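Participant: The structure under discussion is supplied below as structure tokens; questions concerning it will follow.
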Amino acid sequence: MGELMKEFYSQMSRKSYYISMLIVIFLMVTGVITGKSLFYQFEIGFILQCLLILVLSVCLLIYPKYETHFFRIMIILLGSIYFYLLFFLYPETWSTYIYICFIPALAILFFDSKLFYFSFVLNGILQIFTMVYTTFFDKGSVYASLKGDLIGNTIDLVGVQVIIFLIYYLSFNRIKKQHLYYEQLQNSERLKLTGQLTAAVAHEIRNPLTVVKGFLQFYKEDTSIPPSMKDNFCLMIDELETAEEVISQFLSLAKPDKDLSLEKVDVEDVLHSVTSLLHSYGTINDNQIHINAEEACYIAINKIEFKQLIINLIKNAIEASEVGQSIVVDASRKGKYIEIKIKDEGSGMSIEEIKSLGTPFYSLKSKGTGLGLMICFNIVEKYDGALHFNSSIGKGTTVTARFLAVND
């Protein structure tokens, strides 16, 4: 269902909708009664008109319960047939010509671009055939008023279609802009809330991290501890520093750091480093990570942030995959850009789910917060990159991160 119809139903009670539709049905039935003086003569046209009113009325009354694309097309087609039938059944009534000119306006109510263009083109073709019929095949001259001023009527017909198209085009763009502004406003409020939340808890998280890091540094200098254990301490200290950097990234959502020092990062090296780090995480469900990276792929970015971006994306791919499925990571140069593609064979996502990715607190995981992907979008946007998701239900997902390439 189109967004306009959703707003229409949200502002208008269902009771009011049914009252409006009953008025429309009453007018159609009244038109049958008043337009057919000999009610007892059941001609084919009269029977067809009654059937169309019956079927169209049923569609209008049950549409709120079955708001599907099929019913929208049915209403448009039935409405078109009904108005053209009136035009040919009652040639002496000039208002029926106006009705067929405004048929595409019915599709505007659904705010569906494909449906509008379908109705617009279909009605244009039908009007051409109608003009040809009334001009060359109307032997009874029942449409003499149309033939008497053929050029003027043709200009009027074209003018009405242009006006309808402009009304739809302008209203469509205006509503799209309003919808985009509304989404940006919502995201702004969510980012503000997220920033306040992260700022409030960052201090409480950093305190225990600092304590643990301090003890690890103390034990690292203890001569009684074997060197093999000290190597593990070094690894844990490095990961704690990474965790502290991640907390700083959360804070950057509320107050972005505009003075980041850029580095020339070798994408292949980072991908292999991240793969080694996530290898044990993937082997839990026998998920293998395969790297296919071209040499000399360099980008200008903060290395820790880029590493965090890749970790989040690969980790999401692992969590979306079933047991034994593989994750493929490709990196290559495409013109002046470097593209990193992460492909999984998981359950995939619908178009609606893809549109909601990166929204705070929206996650497809049962215990997810959605902040991970929000950070990914923030990192990519910070370095003028792009993050694109291509997915379909049951066919897996491909995530493409694109950054401007740096020469060797």
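Quick note: the coordinates plus some simple rules give every number you see, no bench work behind them. Fair warning: this is a prediction, and the values are worked out from it, not measured in the lab. Counting neighbours? That spans all protein chains shown, and the Cβs are built from the backbone with ideal geometry, glycine included.
Participant: If we sort 302-312, 68-78, 208-218 on the protection proxy, mean other Cβ atoms within 10 Å, highest first, what's the order?
Facilitator: The peptides rank, most packed first, as 302-312, 68-78, 208-218.
Participant: Non-local amide H neighbours of Ile299 (under 5 Å, H modeled in plane, Pro and chain starts lacking H): which ones?
Facilitator: The answer is Val265, Val267, Val406.
Participant: If I model segment 290-336 as equal point scatterers sitting on the Cα atoms and use the Debye formula, what is log10 I(q)/I(0) at q = 0.22, 0.32 Å⁻¹?
Facilitator: Each listed q corresponds, in turn, to -0.93, -1.19.
Participant: Another question, then. In terms of modelled amide H atoms, which long-range or inter-chain residues lie less than 5 Å from the amide H of Gly346?
Facilitator: Placed amide hydrogens put Gly396, Thr397 under 5 Å from Gly346.
Participant: Please give the peptides 343-351, 228-236 ranked by average Cβ packing (other Cβ atoms within 10 Å per residue), highest first, as a rough proxy for protection. Spell out each step's value before the answer.
Facilitator: Details: 343-351: 17.3, 228-236: 12.8.
For the peptides 343-351, 228-236, the packing ranking is 343-351, 228-236.
Participant: While we're on this one: What is the calculated FRET efficiency for Ser356 to Ile125, with r their C-beta to C-beta distance and R₀ = 35 Å, to the nearest 0.05?
Facilitator: On the way: r = 39 Å, r/R0 = 1.12.
In this case the efficiency is close to 0.35.
Participant: Turning to a different aspect of this structure: Please list, in order, the residues from segment 374-408 whose amide nitrogen is less than 14 Å from a point placed 7 Å along the Cα→Cβ vector of Lys264.
Facilitator: 405-408
Participant: Express in nm, to one decimal, how much length is gained between Ile284 and Glu221 on full extension, taking 0.36 nm for each residue of separation and deducting their alpha carbon distance.
Facilitator: On the way: separation 63, 0.36 × 63 = 22.68 nm, distance 3.37 nm.
Net length gain for the segment: 19.3 nm.
Participant: Which entries in Lys264/Lys315; Lys176/Lys355; Lys264/Lys382; Lys114/Lys355; Lys176/Lys334 show an alpha-carbon gap greater than 22 Å?
Facilitator: Values: Lys264/Lys315 24 Å; Lys176/Lys355 15 Å; Lys264/Lys382 16 Å; Lys114/Lys355 20 Å; Lys176/Lys334 32 Å.
Result: Lys264/Lys315; Lys176/Lys334 exceed 22 Å.
Participant: Taking θ as phi - 60°, what are the ³J(HN,Hα) couplings along segment 390-396 by the Karplus curve (6.51, -1.76, 1.60), each to the nearest whole Hz, with x for Gly and Pro?
Facilitator: Result, ordered by residue: 10, 8, 8, 4, x, 10, x Hz.
Participant: Can you work out the Karplus-derived ³J(HN,Hα) for every residue in segment 173-182? Use 6.51 cos²θ - 1.76 cosθ + 1.60 with θ = phi - 60°, whole Hz, and x for glycine or proline.
Facilitator: In residue order, the calculated couplings are 5, 5, 5, 4, 5, 5, 5, 5, 4, 5 Hz.
Participant: On to the next question. Just to check I understand the Karplus step: with θ = phi - 60° and J = 6.51 cos²θ - 1.76 cosθ + 1.60, what whole-Hz values come out for segment 208-225, glycine and proline as x?
Facilitator: With coefficients 6.51, -1.76 and 1.60, one gets x, 4, 5, 5, 4, 4, x, 5, 5, 5, 5, 5, 5, 8, 6, 6, 7, 8 Hz.
Participant: Let me ask another. Between Phe102 and Ser228, what is the label-point separation in nm under the 7 Å Cα-to-beta-carbon projection?
Facilitator: 8.7 nm
Participant: Consider all pairwise Cα distances in segment 58-105 and report the whole-number % of them above 16 Å. The partial results should precede the final answer.
Facilitator: On the way: 517 of 1128 pairs.
Taking all Cα-Cα pairs of segment 58-105, the fraction more than 16 Å apart is 46 percent.
Participant: Taking 0.36 nm per residue of separation and subtracting the Cα-Cα distance, what length does fully extending Ala386 through Arg174 add?
Facilitator: Values: separation 212, 0.36 × 212 = 76.32 nm, distance 2.62 nm.
My answer for the length gained is 73.7 nm.
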